[in-house]
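So the structure is just underneath, and the comments pick up after that.
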Amino acid sequence: MGGPAIGDFDEPPEGACLETLSPYDRTSPTDLDVSWSRAPELLALDHHAPIAWADGTRSEVTLSFVGVSAYYVESTRNPDLPLEVTVNCENHVRLIATGRLTSADGRLDETLPEVSMNVGTATLSGQGPYPGLHGVTTLERGHLRGSYAPATSDEHCLSALEFEVALLLGTFVGSIREVLGSEPCGTQDSDQAVLGRVAATWECLDDGCASNRPQTALVVEAESCEGIGTQLTGLGEESSFTRSGDALVRREDYGCGCELYASFVMAWSFGSPVELRLCSHESRNACLAACFGEQTYDLSAAFRATGSMEFRFVE
């Protein structure tokens, strides 16, 4: 498992390099050869692509990011690595964010916490190299919130899904791999092999991959607003929202005009009732024109995962 399979991004295997991260912005002095100035734009807005599942069905996938932070990564070879293993440990920029990945057929309804997207160059279909972002993240089976079900097997057990994403200007490609144990579910065998199987791929190679504006409101699974934005709600604010089925609705006044990410993020976490915090991402919008309107927060994934149909706002 692991290792980039999309766009020929040249990244070392996990653990091959030792890394030191420090906060980074466009004015930070570095020894980087590749400019990263447009990298944050690649994470902005909502990204769409047709997705092809391994069972032959098709749908559409949407990926959004919030809470984007940039870091300069100093990378050196791991001294414990055997000398005969050749790796390329280069300093680079990394963006870390919370991802929201959904599919129109409901198989995906996932929050991807702390997704690491490395700035690099890639070739696609023999063209390039192009500057872009590449990342691989894994969700354990118990953290999957969509309806995805692996192909039935009495021999193997799904333990996780591995998501690989590449973003270049005008390009959004990705894949999903099943991480499978070589024994049936419930088998207590620490020596069982780990297998991989492609579950789905998606690809969009034109300017229509990203929406013109991001969703104004987004719902993610998170235990706080840390890294996402300022917390707007506190205890006892349930009455300021109107419930409509599995969704909450409230009128919001906010700055708009050239926003790159969702202005409002509803963070939910496990509890009975479900615990909620409304976070504001408004500080990331540089235009700050005046907007207002009702915002809808769909909590169906939270209710389904927790088994509770009630909610409360917490500090």
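What follows draws every value from the coordinates through simple rules; no lab data is involved. Everything numeric here is computed off the predicted structure, so don't read it as measured data. Note: ideal-geometry Cβ built from the backbone for every residue, glycine included; neighbour counts use all protein chains shown.
Ordered by packing density, taken as the mean number of other Cβ atoms within 10 Å over each peptide's residues, highest first, how do 171-178, 45-52, 202-209 rank? All intermediate terms of the calculation are to be shown ahead of the outcome.
On the way: 171-178: 22.2, 45-52: 19.1, 202-209: 15.5.
By packing density, highest mean first, the sequence is 171-178, 45-52, 202-209.
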Packing-based order for 92-101, 141-150, using average beta carbon neighbours within 10 Å, highest first: 92-101, 141-150
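Against the empirical 2.2 N^0.38 Å scaling, what ratio does the C-alpha Rg of segment 246-315 come to? Intermediate results must be reported in sequence, preceding the final value.
Values: Rg = 13.8 Å, N = 70, 2.2 N^0.38 = 11.1 Å.
For segment 246-315, the normalised Cα radius of gyration comes out at 1.24.
Between L18 and E140, what is the FRET efficiency for a Förster distance of 30 Å, r being their Cβ-Cβ separation, to the nearest 0.05?
0.70
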